[in-house]
Each structure stands twice: as structure tokens, then as C-alpha cells.
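Written out below as C-alpha cells is the structure these notes cover.
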Amino acid sequence: QVQVVESGGGLVQAGDSLRLSCAASGHTFSTYAVGWFRHPPGKDREFVAAINWSGRITDYADSMKGRFTVSRDMAKNIVYLQMNSLRPEDTAVYYCAVSGRTLGIPNEYPYWGQGTQVTVSS
């Protein structure tokens, strides 16, 4: 089974930046997408961004307003979420998720990490 581990969360002030990392292992296929989701307290989980297997295709939720960038290091097999100009409303538990075999950006992600907390103070 695929294992997914996120890291890089923390407590920051509004306007600061953070870079989250996602490491996946245990998969037998290479063509998989990685998605980022977040779960604010008291609200539903929402899609943040995703990147395909090669790193050549990305997708972002409109609400991110271009502040977030997803990328992947193919050599290290790590996916990053760069978050700039953070706002208090960005406070959430951020999750990394891995899809099944696909060439593009899917709607389903069967493998999920434990989440990493991002807290933005005003």
C-alpha cells in the first residue's frame, strides 16, 4: 500500500511563506498524481492544488489566487506546496494525497497522509 507523509507545517504570521513537502512510497507505478487538500477547523475539506506524474501539469483551486505553487522533485520523489502571502483564512490541516495510475489530474485520491498543521496569525 502507498504511504504518504506530509511535513513543513507550522505557526506563521500573516504575509509569511511556508513550503510543505510530501513524500510517497510503496507504490508500484510511477504515473500518479499528487494532490494537496486542506481542512479548516469547522469547515469541509477543500482542494488546493495538484500535479501530475511528470510535474508538467498542475491544477489549482481558484481560491488560492495564485499564491500557492505545487511542484515536484522527480529525483527525490518529493512534491512541494509553496505557500506565499499567507492569510489567517489559510489556517488548516493540509493533506497530501496520491492518486492511482493516471497521466493527468484525477478526481480521486485513494492514498492520504496524516496531515500537517498550518496556522496563520493576524
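The values are calculated or read from the model by the stated rules, or taken from the named source; none is laboratory data. In this text the structure is predicted, and so the values were computed from the model without any measurement. No Cβ is skipped: glycine too gets one built from the backbone with ideal geometry, and neighbour counts run over all protein chains shown. All accessible areas refer to the heavy atoms of the entire protein, side chains included, with ligands and DNA or RNA removed. Shrake-Rupley method; radii C 1.70, N 1.55, O 1.52, S 1.80 Å.
Surface composition of region 53-122: carbon and sulfur atoms hold 45% of the protein heavy-atom accessible area at a 1.4 Å probe. Distance between the 7 Å Cα→Cβ label points at ASN107 and SER121: 4.2 nm.
Taking all protein chains into account, the per residue accessible area for the chain stands at 54 Å² (1.4 Å probe). Under 1.5 on a/c is rounded, so check that first for the chain, then, if it is not, pick prolate when a/b is larger than b/c and oblate when it is not; a ≥ b ≥ c are the square roots of the alpha carbon gyration tensor eigenvalues. Taking the square roots of the gyration eigenvalues as a ≥ b ≥ c, the chain is prolate. Modelled spin labels at GLN13 and ARG87, positioned 7 Å past Cα toward Cβ, are 1.9 nm from each other.
At full extension, ARG56 and SER30 could sit 7.9 nm farther apart than now, given 0.36 nm per residue minus the alpha carbon distance.
Relative contact order of the chain, taken over Cα pairs closer than 8 Å and 6 or more residues apart, is 36 percent.
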